[in-house]
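Participant: Quick one: this structure, given as C-alpha cells, is what I'll be asking you about.
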Amino acid sequence: MREIERILDQLNRSWGGPSWTGVDIQPLLDGISEEHARAHPLPGAHSILELTAHMTTWMNAVASRLGGETRELTTEEDWRDVTNLAWPAAITEMENAQSHLSDVIARLTPDDLDKKVAGRKYTVYVMLHGVIQHNLYHAGQIGLLKKVG
C-alpha cells in the first residue's frame, strides 16, 4: 500500500470507522437532534454544531492549502456563527468536505507528501496527519457532549 493510500485509509477510518479511537465521526453524528446539536451542556464548551462546522472548515482549508492557497483563516471563519445553520445542512457540509478532501488527497503524488505547504513550515504529510488528528480530537469532544446532553 502506498503512503497516500495509507493516509486516505486513516482519513476514512476517522470518518466511518473503524478507527483506533473507537470514535468514528459519521456514526457519532447519527441520532443527534437539532436541539441537542445546538445545546451547550458544559459551560464554556462549544456545541456539537459548532464543533462540526469547525471541523468542516478545517477539512476545506486543508483541501484549499493542497491547492496552493496560503491565506490564514480568520477567527470568524475558524469558529463561524452557526445561528442560521441547520443541523442537517451542517452534516451535509461535513460529508461534502470529507469527500472533497479525500478526492484531493487521492490526486497527490508520493513526492507531494514531502513538499512544504505553501506559506507554512510543515510538509503536506504533516498537514494531512494533522487534519485527521484534529477531527478525532473534536470527535472525542462531540462524543462527550452527546453523552451529557
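The values are calculated or read from the model by the stated rules, or taken from the named source; none is laboratory data. Being a predicted model, the structure only gives us computed values, none of them experimental. Every residue, glycine among them, receives a Cβ derived from its backbone with ideal geometry; neighbour counts consider all protein chains shown.
Participant: Report those helices (runs of 4 or more DSSP H) wholly inside segment 1-90 carrying at least 1 residues which are buried (at least 16 other Cβ atoms within 10 Å of the Cβ), at pLDDT 95 or above and of a type in the set (A, V, I, L, M, F, W, C).
Facilitator: Of the helices (runs of 4 or more DSSP H) lying wholly inside segment 1-90, those with at least 1 residues that are buried (at least 16 other Cβ atoms within 10 Å of the Cβ), at pLDDT 95 or above and of a type in the set (A, V, I, L, M, F, W, C) span 3-16, 25-29, 34-38, 48-66.
Participant: Something else: Could we say that Ala97 is of a type in the set (A, V, I, L, M, F, W, C) and in contact with an Asp or Glu (Cβ under 9 Å, 6 or more places away or on another chain) here?
Facilitator: Here the answer is no, as Ala97 does not meet what is asked.
Participant: Of all residues in segment 94-121, which are part of a loop (DSSP other than H, G, I, E, B), more than 22 Å from Ser14 (Cα to Cα) and not β-branched (Val, Ile, Thr)?
Facilitator: Passing the criteria: Lys115, Ala118, Gly119, Arg120, Lys121.
Participant: From the set of residues in segment 122-135 that are of a type in the set (Val, Ile, Thr) and farther than 11 Å from Leu11 by Cβ, which is surrounded by the fewest Cβ atoms within 10 Å (Cβ to Cβ)?
Facilitator: Val126
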